[in-house]
Amino acid sequence: MSGPEAPDGRAEFLRDALAGLSGTPKTLPGKYLWDETGSDLFDRICAHPDYYPTKREMALLPRVASEVAALVGPGVSVVEFGSGASRKIRTLLDALEAPAAYLALDISGAYLEAAIARLAPDYPNVAMTPVCADYSKPVRLPPGAARPPILGFFPGTSIGNFTPEQAGGFLGRARETLGPSHFLVGADPTRDPARLRRAYGESGGLMAALHLNLIARMNRELGSDFDPDNFHHEARLADDPFRVEAHLVANRAASYRLGERTIRFADGESIRTDTSHKYAPDLFRALAAAQGWEPVRLWVDDDSGFSLHLFRAP
């Protein structure tokens, strides 16, 4: 689960919240987890021992970064989708030969600006551009900011926030955003229930805090009156396709105000706030190939099966 202060503002947030909470089952788009507080909490989750995806990726990425650099060549412009704290990019920038530019694309504007301010002094020869945008929609990069050769970077398990159909849509939009390019993408196939419940349901209580922050954000930004103490966080495993779902579950029946509407909850009714689909390498390669991405190389972590895919689009 991964990187919004929505770029289109509170009106869009309210529309999405009303649409999701008026339906059955109730849902909220996971992108609204990522205000500054949510981004900070996720940064702490990534450092927690229970949250294996970051640990396994950070074991794999340094081992393959030099090979990635040799395959993509010198002078690349790197475009990272969902950059967050921009920490993983250091491993890649350090391995690349004379990278020309880094474009950090994230939906939490304040968090993004702070991350670039920390990163830029260490890479004085790399032109750095923060791009506040929602990558679940079409994204146009600032003119001239990313010049060929281009390497897209989508680390972690953020691709899992999309259903297979949505993942295909993202991969197609990314190809339009990047143009002729390479694309390095992380994906996680883990199906071990105990490991998944620890990572997505526990992580020292930080995962619950991340999702409950969404209630606080609605109250603060949309003027709603949800009682955060009436909700608890649950991670649920589901099939067809296999995924982990995050839910905020009402402890008792209650009604709350949101905009001009009343949102009613039955005892035990939940809001699905995020989803992490688990993609085996063959499935993910097929999704990418359908959008015109040619597979170049696949690297797999021995412990968890976490994979890094390098694709190319002509």
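The values are calculated or read from the model by the stated rules, or taken from the named source; none is laboratory data. Quantities reported herein were computed from a predicted structural model and do not represent experimental measurements. Virtual Cβ from ideal backbone geometry, glycine too; neighbours counted across all protein chains shown. Heavy atoms of the whole protein, side chains included, go into the accessibility calculation; ligands, DNA and RNA do not. Shrake-Rupley method; radii C 1.70, N 1.55, O 1.52, S 1.80 Å.
Worth pointing out:
- Listed conditions (1) under 27 Å from D43 (Cα atoms); (2) of a type in the set (D, E, K, R); (3) part of a strand (DSSP E or B); (4) touching a Leu at 6+ places or on another chain (Cβ under 9 Å) are all met by R297, apart from (1).
- Unmet criterion (only one of (1) surrounded by fewer than 15 Cβ atoms within 10 Å (Cβ to Cβ); (2) under 28 Å from V64 (Cα atoms); (3) hydroxyl-bearing (S, T, Y)) for T262: (2)
- Tally of residues being open to solvent by less than 50 Å² (accessible area, probe 1.4 Å) and not in a loop (DSSP other than H, G, I, E, B) across the stretch 140-170: 14
- Qualifying residue in the stretch 182-192 (condition: crowded, with 16+ Cβ neighbours inside 10 Å and closer than 19 Å to K137 by Cα): yes
- R173 vs. criteria open to solvent by 30 Å² or more (accessible area, probe 1.4 Å), under 22 Å from S136 (Cβ atoms) and part of a helix (DSSP H, G or I): yes
- Of residues in the stretch 61-96 being within 25 Å of Y111 (Cα to Cα) and of a type in the set (S, T, Y), the one most open to solvent (accessible area, probe 1.4 Å): T91
- Within the stretch 38-63, residues that are within 17 Å of L212 (Cβ to Cβ) sit with their Cβ atoms under 8 Å from residues that are of a type in the set (A, V, I, L, M, F, W, C) and open to solvent by 30 Å² or more (accessible area, probe 1.4 Å), at 6+ positions apart or across chains, in these pairs: L41/A209.
- Among the residues of the stretch 126-157, those that are of a type in the set (D, E, K, R) and out of contact with any Ser or Thr (no Cβ under 6 Å at 6 or more places or on another chain) comprise D134, K137, R140.
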